[in-house]
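Chemist: Before anything else, here's the structure in question.
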Amino acid sequence: MALFKPENVEDFYEIEEVLGSGHFGQVRKVYERTSRTHWAGKFLKIRKTACSRLGLDRTSVEREVEILQILHHPNIVALKDVFESRSEVVLILELVSGGELFDFIAEKENLLECEAIEFLKQILEGLKFMHKNNIAHFDLKPENIMLSDKGSPHPNIKLIDFGLAHHFCQGEEYRSTSGTPQYIAPEMISNEPLSTAADMWSIGVITYILLSGLSPFQGETDEETLKNVIATDYQFNKHYFSMTSSMAKDFIMKLLIKNPNERMTAEECLVHPWIKPI
Ligand SMILES: Cc1ccc2c(c1)c1c3c(c(C)cc1n2CCCN)C(=O)NC3=O
């Protein structure tokens, strides 16, 4: 069982404003007194007993910590420290102060293909590193793609939130039906064995949205969205894609493929002619 620091996190950090919250607990800005620097504190409520419904299972937190301790990469959020009290684990994470990629894009009229490519290259470099370490994120979506400094002419992308991530052991079969309907791969919905290819499906969906503002499978309800995903039923809306290059559409089509084995890998995406013109 992993041991985290038993000291009180507030002996080292001042807890500041809430940055976000979810089923897991809260993410808050924290100030480290000794270094006078800001970080993000992810406060996770831990189940007190096995039959308790509230809070997270400690093993799932240990899995997230183990994965973050492996992943040292410029496009993946860094884990600095972990504290534990009786009912809470606190992850001290790199503060990614530029906010979510999609909020950055929402502030612009529309995104040029060359701008989308620059963001996607960084996302794919982070994914290539993750997948080479046999780790899949399994929750790639715009909310989990952050910018380090949105004021910079070339903002740096950071992938965050590895709460659903999985580290595959050799030959292991892993199934999960967690995730967000708009972005999850068909094999997740039908509870088939998963692989890093599920992340590549999400990249196809994210690219479609980056270039059009539309979500390819979104229906009126989650149920309808899931049906559209399973049917791999999407089109390039003529109005929204009228100015989109055929190379960009080819990139998306080579990711939104029902059979996970036929999808491009992160490495193949990085040498696709749309991303890396000859
Ligand atoms: C400036 C800002 C604003 C909101 C933030 C974050 C940073 C943030 C961060 C993290 C997580 C897991 C969630 C976060 N959230 C919650 C929303 C994430 N989609 C994180 O790991 N580092 C962050 O800076």
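Chemist: Hey, among the residues in segment 9-35 that are within 17 Å of Val96 (Cβ to Cβ) and in contact with a Ser or Thr (Cβ under 8 Å, 6 or more places away or on another chain), which one's least open to solvent (accessible area, probe 1.4 Å)?
Modeler: Across segment 9-35, the extreme among qualifying residues is Val27.
Chemist: Could you list, in sequence order, the residues of segment 88-121 that are within 16 Å of the ligand (Cβ to nearest atom), surrounded by 15 or more Cβ atoms within 10 Å (Cβ to Cβ) and in a helix (DSSP H, G or I)?
Modeler: Passing the criteria: Leu101, Phe102, Phe104, Ile105, Phe119.
Chemist: Here's another thing I want to ask about it. How many residues does segment 75-87 hold that are surrounded by fewer than 19 Cβ atoms within 10 Å (Cβ to Cβ), charged (D, E, K, R) and more than 16 Å from the ligand (Cβ to nearest atom)? Full working, then the answer.
Modeler: In the first step, residues of segment 75-87 are kept if they are surrounded by fewer than 19 Cβ atoms within 10 Å (Cβ to Cβ); the result is 78, 80-81, 85-87.
From what's left, charged (D, E, K, R): 80-81, 86.
Remaining after also requiring more than 16 Å from the ligand (Cβ to nearest atom): 86.
The total comes to 1.
Chemist: Report whether or not Asn133 is touching a His at 6+ places or on another chain (Cβ under 9 Å) and open to solvent by 10 Å² or more (accessible area, probe 1.4 Å).
Modeler: In short, yes.
Chemist: Quick one: what pairs do we get from segment 151-174, first residue within 17 Å of Lys132 (Cβ to Cβ), second open to solvent by 40 Å² or more (accessible area, probe 1.4 Å), C-beta under 6 Å, 6+ apart or different chains?
Modeler: Hits for this filter: His166/Tyr174; Phe168/Asn134.
The rows are residues; the columns are (1) over 22 Å from Val96 (Cα atoms); (2) open to solvent by 60 Å² or more (accessible area, probe 1.4 Å).
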{"site": "Pro142", "(1), (2)": "no, no"}
{"site": "Ile145", "(1), (2)": "no, no"}
{"site": "Thr177", "(1), (2)": "yes, yes"}
{"site": "Ile189", "(1), (2)": "yes, no"}
{"site": "Met200", "(1), (2)": "yes, no"}
{"site": "Leu210", "(1), (2)": "no, no"}
{"site": "Ala231", "(1), (2)": "yes, yes"}
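Chemist: Within segment 122-140, track down each residue that is within 24 Å of Glu62 (Cβ to Cβ) and not in a strand (DSSP E or B). If you could, list the steps in order and put the result at the bottom.
Modeler: Of all residues in segment 122-140, those within 24 Å of Glu62 (Cβ to Cβ) come to 126-127, 129-140.
Scanning segment 122-140 gives Gly126, Leu127, Phe129, Met130, His131, Lys132, Asn133, Asn134, His137, Phe138, Asp139, Leu140.
Chemist: Is one or more of the residues making up segment 90-102 free of Cβ contacts under 8 Å to residues at least 40 places away in the same chain and at negative phi? Can you show your working first?
Modeler: So the first thing to find is which residues in segment 90-102 are free of Cβ contacts under 8 Å to residues at least 40 places away in the same chain, and the list is none.
Checking segment 90-102: not a single residue is free of Cβ contacts under 8 Å to residues at least 40 places away in the same chain and at negative phi.
Chemist: Could you grab me the full set of residues in segment 151-176 that are in contact with an Asp or Glu (Cβ under 8 Å, 6 or more places away or on another chain) and over 30 Å from Ser190 (Cβ atoms)? Reasoning before the result, please.
Modeler: Filtering segment 151-176 down to residues in contact with an Asp or Glu (Cβ under 8 Å, 6 or more places away or on another chain) leaves 154-156, 158, 161-165, 167, 175.
The answer is His154, Pro155, Asn156, Lys158.
Chemist: For residues in segment 53-74 being within 15 Å of the ligand (Cβ to nearest atom) and of a type in the set (A, V, I, L, M, F, W, C), which is farthest from Ala165 (Cα to Cα)?
Modeler: Leu56
The values are calculated or read from the model by the stated rules, or taken from the named source; none is laboratory data. In this text the structure is predicted, and so the values were computed from the model without any measurement. Virtual Cβ from ideal backbone geometry, glycine too; neighbours counted across all protein chains shown. Side chains included, ligands, DNA and RNA excluded: accessible areas come from the protein's heavy atoms. Shrake-Rupley method; radii C 1.70, N 1.55, O 1.52, S 1.80 Å.
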